[in-house]
Amino acid sequence: AATDGATTITSFGVAVVFESATVSNMAATTLDATHPAFAYTDGGNSDHGTAIVAETNGATTLTSFGSAAVFETAATTSISAVALDSTHLAIAYGALGNSGHGTVIIGATNGATTITGAGAAVVFEAATTNEISITRHDATHFSIAYQDGGNSNYGTAIVGVTDGAVAVNSLGAAVVYEAAGVSEVSATALSATQLAITYADMGNGWHGTARVGDITGTTIAFPDPATVFESASSTYVFSTALNATSFVTAFQDNGNSNYGTAVVGVLGFANGVACAVG
């Protein structure tokens, strides 16, 4: 959609069907200014994980779609995708053909709408994995936040590194960011060395909660306590970074008639350590 440079949406283009079958677990990411990519569960093909790249005219028209490419030849769930650069994207998902294990794969494009290939799928959590959210730190580093079904549904995060092409070179150790069940997980990179994770804390009345992680190489740490941004049940939580020190979170506020609500979080410093304060 086009905007007036402020807060008004002035128009939408024409909706275009990209998959003539039931889809679910939709994820979207931007490769460059005219090429969005989508990953999804294809109900018309045994729920296989599938991805497709589109092209726009730089305004509101979707001018073309490439061919859909299957990245997982089994049923998939909880799909999340992020562009690493203009020709590579990472897709994280629960592989139902492998006991729901958390899995990540890197795909490459030709710079237009063709997905040219993918690397080997790599398991990042050998247990049932849901509420997956992947975010990019730089062209070769990503983080994944998720619900670890093998550990009481605790909120957990892990850092991965690629070879700059389609291989996942290494994964760091998984680290618990919330020692309670979590839902509605959304991760957003603030910089190459920090990310914010927002979620519903099932151990605290599903209150909307945020936590900041610090990254060194493939090591992630959460030195500061979590911060509650909504003292009521919060669902459909999604966050995106505004800059290196702030992010915005949108959610359904179950404590206020399920209204759509948004809040900005700003990093402060406690004992020299960044933490969410708003």
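The values are calculated or read from the model by the stated rules, or taken from the named source; none is laboratory data. From a predicted model like this one, the values you see are computed outputs, not experimental measurements. Reconstructed Cβ throughout: ideal geometry from the backbone, glycine too, with neighbour counts over all protein chains shown. To get the accessible areas, we keep the full protein, side chains included, count just its heavy atoms, and leave off ligands, DNA and RNA. Shrake-Rupley method; radii C 1.70, N 1.55, O 1.52, S 1.80 Å.
Key figures for this structure:
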{"read-out": "For the chain, alpha-carbon Rg over 2.2 N^0.38 Å", "value": "0.98"}
{"read-out": "Carbon/sulfur fraction of accessible area - the chain, other protein chains in place, 1.4 Å, %", "value": "51 percent"}
{"read-out": "Accessible area of the chain divided out per residue, in Å², using a probe of 1.4 angstrom", "value": "41 Å²"}
{"read-out": "Under Karplus coefficients 6.51, -1.76 and 1.60, residue-wise ³J(HN,Hα) of the stretch 108-114 in Hz, glycine/proline x", "value": "10, 10, 8, x, 10, 10, 9"}
{"read-out": "For Asn130, distant residues with modelled amide H under 5 Å away", "value": "Gln147, Gly149"}
{"read-out": "Full-stretch length increase - Thr245, Ser67 - with 0.36 nm per residue and alpha-carbon distance subtracted", "value": "60.2 nm"}
{"read-out": "Prolate/oblate/rounded call for the stretch 143-223, Cα gyration tensor, a/c under 1.5 rounded", "value": "prolate"}
{"read-out": "J(HN,Hα) series, the stretch 162-175, from Karplus relation 6.51 cos²θ - 1.76 cosθ + 1.60, nearest Hz, glycine and proline x", "value": "10, 8, x, 10, 10, 9, 8, 6, 7, 10, x, 7, 5, 10"}
{"read-out": "Whether the stretch 59-127 is rounded, prolate or oblate, judged on the alpha carbon gyration tensor where a/c under 1.5 counts as rounded", "value": "prolate"}
{"read-out": "Compactness of the stretch 1-111 - radius of gyration and Dmax, Cα, Å", "value": "14.9, 48"}
{"read-out": "Estimated dipole of the chain in Debye, rounded to 20 [Cβ of Lys and Arg +1, of Asp and Glu -1, Cα centre]", "value": "120 debye"}
{"read-out": "Whole-Å distance, taken between Cα centres, linking the stretch 102-153 and the stretch 158-187", "value": "8 Å"}
{"read-out": "Nearest-0.05 FRET efficiency for Thr22 and Val228, computed from C-beta distance (R0 45 Å)", "value": "0.75"}
{"read-out": "From phi via Karplus (6.51, -1.76, 1.60), per-residue ³J(HN,Hα) for the stretch 226-238 in Hz, x at Gly/Pro", "value": "5, 10, 7, 9, 8, 7, 7, 4, 10, 10, 6, 7, 9"}
{"read-out": "For Leu84, residues with placed amide H under 5 Å, excluding near neighbours", "value": "Leu89, Ala90"}
